[in-house]
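The values are calculated or read from the model by the stated rules, or taken from the named source; none is laboratory data. Fair warning: this is a prediction, and the values are worked out from it, not measured in the lab. Using ideal geometry, Cβ is built from the backbone for each residue, glycine included, and neighbour counts are taken over all protein chains shown. When the accessible area is computed, the model is the full protein with side chains, heavy atoms only, and any ligands, DNA or RNA have been set aside. Shrake-Rupley method; radii C 1.70, N 1.55, O 1.52, S 1.80 Å.
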Amino acid sequence: MRLAVTFHNVKIAAAVLVASAMLSGCVSLGGEAPVSMLTLSADASVTAGVSKSGLAKDALVVLTPEVPRKLDTNRVPVQIDTGNLAYLKDSVWTDKPAILVQQLLMETLAAKNGTLILSEIETSGKADNYLSGQLVDFGIDARSMEAVGIFDAVRIRKGNPIEKRRFEAREKLVKIEPRQAGEALNMVANKLSGDVAAWLAAN
């Protein structure tokens, strides 16, 4: 009987070890710390409970900016020199930069300008006003120790000439590491969004 019990215990222990090995491939049970998850948060946000109404044709549709290949990723680019690019270690964006910047633009424009912001689906294709463009750069320049954002905004209004304007923002860094990079890029994104809001409000 004792031999049978011992053999049974060995089988249980073996099963536990196999299960642990399989689980360790799916989740972290310790060891290396998780990467830093970076995101963007708007300095100006819409107050809860505030409503905005209007016709679909008068709403503004903010399209996802186009990006070069270096920004078509969840990683933060670091320009080492003119011909060499790396990515910031131990950090990733919670979403691709184009999506995060689009969301920040929408929140900032709604808060600062009181603009009715809708998606293409929500307007059923009836909107006359669009903001599109290209996020030319959004990362770290190791040469100048700066976070850099460059956005070529394109304003499209039915019955009006297409307008295009470049916006640029920079923030100094003391050290190139995830926390400083995330904070600096957040400031850069908010500066770009604020400048775009002022441009749209003035025209």
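Summary of values
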| quantity | calculated |
| --- | --- |
| Rg [Å, one decimal], Dmax [Å, integer] - the stretch 83-181, C-alpha atoms | 16.5, 48 |
| Percent accessible area from carbon and sulfur atoms, the stretch 146-203, protein chains only, probe 1.4 Å | 50 percent |
| Computed lengthening from ALA142 to ARG179, 0.36 nm per intervening residue step minus Cα-Cα distance | 11.8 nm |
| Per residue solvent-accessible surface (Å²) - the stretch 92-153, probe of 1.4 Å | 39 Å² |
| Segment SER36-GLU120, length gained on full extension (0.36 nm per residue, minus Cα span) | 27.0 nm |
| Tail weight of P(r) past 15 Å, computed on alpha-carbon pairs of the stretch 61-104, percent | 48 percent |
| Carbon/sulfur fraction of accessible area - the stretch 75-122, other protein chains in place, 1.4 Å, % | 50 percent |
| Cα-projected label distance for ASP152 with SER51, points at 7 Å along beta-carbon direction, nm | 4.2 nm |
| Dimensionless Rg ratio for the stretch 28-134, taking C-alpha atoms and the 2.2 N^0.38 Å reference | 1.37 |
| Extension gain (nm, one decimal) between ARG69 and ILE162, 0.36 nm per residue minus Cα-Cα | 30.9 nm |
| Stokes-Einstein diffusion coefficient of the stretch 160-203, Kirkwood radius over Cα pairs, 10 °C, 1.306 mPa s, in µm²/s | 132 µm²/s |
